[in-house]
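The values are calculated or read from the model by the stated rules, or taken from the named source; none is laboratory data. As the structure is a prediction and not an experimental result, all values here were calculated from the model. With ideal geometry, Cβ positions are generated from the backbone for all residues, glycine too; neighbour counts draw on all protein chains shown.
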Amino acid sequence: MTSIDDILIEHHDQEGPLLPILHDVQKAFGHVSEDAMRQIAETLNLTRAEVYGVVSFYHDLRMEVETRPVLKLCRSEACKARGVEALVPLAESQSRVKVETVYCLGLCSVGPAAMVGDQVHARLNQDRFSALMAAI
């Protein structure tokens, strides 16, 4: 099991390591806890407020564990033009999945698009989106 110390050591010689450290902590533990922020701040010679400011600014970083699967639904202009807004009510009706709006997954030509974990899903319509929600 990875520890915060392991993550900090891994980024020891890196220039500007705060964001990579926070992302690795998030990936390893599912969130960035108060204790992790304190330890990171101490190691990087930052204030806890500086670390907290970064964690609270970036929507991908969480201070509490999210127990539900997270579906990131692209609602950029390209996906809107391809019909994503018709999927929004279906997405919002799901209580067992946390739906987050993002503005570009880089799949503009094959939208509407969504992302679950590291896996992207494109060309979503009502049927494909329903199947994706059922599979989560």
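Hey, any hits in region 75-84 for a residue that's in contact with an Asp or Glu (Cβ under 9 Å, 6 or more places away or on another chain), touching a residue at least 60 places away in the same chain (Cβ under 8 Å) and of a type outside the set (Phe, Trp, Tyr)? No, because not a single residue in region 75-84 is in contact with an Asp or Glu (Cβ under 9 Å, 6 or more places away or on another chain), touching a residue at least 60 places away in the same chain (Cβ under 8 Å) and of a type outside the set (Phe, Trp, Tyr). The residue that is farthest from HIS59 (Cα to Cα), counting only those in region 79-106 that are surrounded by 18 or more Cβ atoms within 10 Å (Cβ to Cβ) and more than 18 Å from the chain's Cα centre (by Cα), is ARG82.
Among the residues of region 107-132, the ones that are surrounded by 11 or more Cβ atoms within 10 Å (Cβ to Cβ), out of contact with any Phe, Trp or Tyr (no Cβ under 8 Å at 6 or more places or on another chain) and among the small types (Gly, Ala, Ser) come to 5 in all.
Residues are listed down the side, and each one gets a yes or a no for (1) among the charged types (D, E, K, R); (2) in contact with a strand residue (DSSP E or B) (Cβ under 9 Å, 6 or more places away or on another chain):
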| residue | (1), (2) |
| --- | --- |
| LEU71 | no, yes |
| ALA78 | no, no |
| GLU85 | yes, no |
| GLU100 | yes, yes |
| TYR103 | no, yes |
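Within region 37-51, does at least one residue satisfy the condition of being out of contact with any His (no Cβ under 7 Å at 6 or more places or on another chain), assigned by TED's automatic domain parsing to the domain that holds ARG123 and among the small types (Gly, Ala, Ser)? The answer is no; no qualifying residue exists. Of the set (1) loosely packed, with under 15 Cβ neighbours inside 10 Å; (2) closer than 30 Å to ASP35 by Cβ; (3) at pLDDT 90 or above, all apply to VAL51 but (1).
Do we have ILE40 as out of contact with any Cys (no Cβ under 9 Å at 6 or more places or on another chain) and surrounded by 17 or more Cβ atoms within 10 Å (Cβ to Cβ) here? Considered against the rule, which asks whether it is out of contact with any Cys (no Cβ under 9 Å at 6 or more places or on another chain) and surrounded by 17 or more Cβ atoms within 10 Å (Cβ to Cβ), ILE40 comes out as yes.
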